[in-house]
Every structure is written in C-alpha cells, then in structure tokens.
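**Student:** Before we start, here is the structure in question, set down as structure tokens.
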Amino acid sequence: MDRAQEDTLLELLNTTPVVEGSTRDALGTPSAGRAWVRRHGGSGASDELSCLIAARNALQDVVRGGREAACLGEFLKGVSNVPDISGGKLEWSLQVPATRRMAVESVLTWAGLQETKPGRLRSCANPQCRRFLLDRSKPNSARWCSMAECGNRMKARRHYQRVKEAQNS
C-alpha cells in the first residue's frame, strides 16, 4: 500500500461533505460519479460506480463506528491475490472483475491502514462535518479534517462558549 492509495481512499470517503448545511455527494449524479471514477483510474461504467458507492457508504459507516467491519467482506467475495515471480522478485496480482476493482482496492487500502496505522483514519471531530482525516502526524493528535475550516470553527465555538459562560457567572 502506498500513499497514493491512501490518498484515493481518503478522497473517496470525503465525497459526501456538508456544504452550506447540506450533504453533497460528489458521486451522486451519474456524470459526476463517472468523472470522479475516471479521474481515479476507473472506466466510469455504471456498475463500477454503483459498486464503488456501496463500498464508500460501508467504509464511511465502519470508520464512524456505525457498522462492523465484517460488512466489508461482501466486497471481497471471489477476489484473489495471485503470486508471480517476475524479474527475480515476488509480485502479487489482484484478480477481480474490472467493475469491482476500485471498490475492492478501497476496502483493501482501509484494511492495510487498520493494520499498519491503526486509529489514524477517522472522522473529523467537528460534529457538523462529514469528512474524514488520515492523521500522519507523529503524535497522532490531529482532530480536524482541515484546521482552516473545522479546526478554526470549533476553536471559535469553544471560545464563544467560554466567554458566554464567563458573562453569565
């Protein structure tokens, strides 16, 4: 698993942000969904998009703690990883139908993160935000998807609350 795969997973998870108070889905219309899939290496076929949306929704629920990770098993049915010696080294080839490849790769990337970077993929700490973050900081202390947006908003809310409580005391 490399950083590009991690970044693609994070982008996929963040395709349903809250904008001006309502949830927007970057994969929600066929044309936008196909374009997103093509930008990320897929064909843009409707079956591929449907499978990817289902995997995204399940992954979002799992990361948020709303569903058990076992629900992701349905995306891995019939998938195999085949070894081959090429150029003097062992290489693995993922065997999966093309329409399921992106969904499967997303689930495998999530599983890799769970193993190598447990607890670092999580929801933004802003309860009004639907985005996710992958904390790559050494102390694993990031709380916000974006310090410029959610971090500043949450800090401003806490400050306002403290001032308001002090005035009422």
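**Student:** In whole percent, how big is the carbon plus sulfur part of the accessible area of the chain, probe 1.4 Å, protein atoms only?
**Tutor:** 50 percent
**Student:** Using the basic label-point model (7 angstrom from Cα toward the beta carbon), what is the R3 to R67 distance in nanometres?
**Tutor:** According to this spin-label approximation, the distance is 3.1 nm.
**Student:** Which aspartates and glutamates have a Cα less than 19 Å from the Cα of K117, not counting those fewer than 8 places away in the same chain?
**Tutor:** Straight-line reach from K117, under 19 Å: D2, E6, D7, E11, D61, E68, E105, D135.
**Student:** Turning to a different aspect of this structure: Of Q60, T23, S50, which is farthest on the positive side of the dipole of the stretch 12-120, counting Cα position, with +1 on Lys and Arg Cβ, -1 on Asp and Glu Cβ, and the Cα centre as origin?
**Tutor:** Toward the positive end, the furthest listed residue is T23.
**Student:** Something else about it: Tell me which cysteines of the chain come out unpaired when the rule is another cysteine's Cβ under 4.7 Å.
**Tutor:** Cys with no partner Cβ under 4.7 Å: C51, C71, C150.
**Student:** Could you tell me the calculated FRET efficiency between S43 and N140, based on Cβ-Cβ distance and R0 = 45 angstrom, to the nearest 0.05?
**Tutor:** Given R0 = 45 Å and the Cβ-Cβ separation, E is 0.75.
**Student:** Test of understanding: what is the full-extension gain from T116 to Q95, defined as 0.36 nm times their sequence separation minus their Cα-Cα distance?
**Tutor:** That pair, T116 and Q95, stretches by 5.3 nm at full extension.
**Student:** Taking Rh as the Kirkwood radius, which is the inverse of the mean 1/r over Cα pairs, what is the Rg/Rh value for the chain?
**Tutor:** So for the chain, dividing Rg by the Kirkwood Rh gives 1.06.
**Student:** Let's see if you can work this out: charge +1 on each Lys and Arg Cβ, -1 on each Asp and Glu Cβ, no other charges. What is the dipole magnitude of the stretch 1-81 about its Cα centre, in debye to the nearest 20?
**Tutor:** The dipole magnitude comes to about 120 debye.
**Student:** Let me spell out the model: positive unit charges on the Cβ of Lys and Arg, negative unit charges on the Cβ of Asp and Glu, origin at the Cα centre of the chain. What dipole size does that give, in debye rounded to 20?
**Tutor:** Here the chain has a charge dipole of around 860 debye.
**Student:** Using only Cα atoms and rounding to the nearest 10 degrees, what angle (0 to 90) does helix 30-39 make with the longest principal axis of the chain?
**Tutor:** Helix 30-39 sits at roughly 70 degrees to that axis.
**Student:** Then there's this: Under a Cβ-Cβ cut-off of 12 Å, what is the net charge of the residues other than V96 that fall near it, where Lys and Arg count +1 and Asp and Glu count -1?
**Tutor:** Local net charge: +1.
**Student:** Here is a further query. Under a 1.4 Å probe, what is the accessible area of the chain per residue, stated in Å²? Before the final figure, lay out the partial values.
**Tutor:** On the way: 10040 Å² over 169 residues.
Dividing the accessible area of the chain by its residue count gives 59 Å².
The values are calculated or read from the model by the stated rules, or taken from the named source; none is laboratory data. All values derive from a computational prediction rather than experimental measurement. Here Cβ is always computed from backbone atoms with ideal geometry, including for glycine, and neighbour counts include all displayed protein chains. Calculation scope for accessible area: heavy atoms of the full protein, side chains included, ligands and nucleic acids excluded. Shrake-Rupley method; radii C 1.70, N 1.55, O 1.52, S 1.80 Å.
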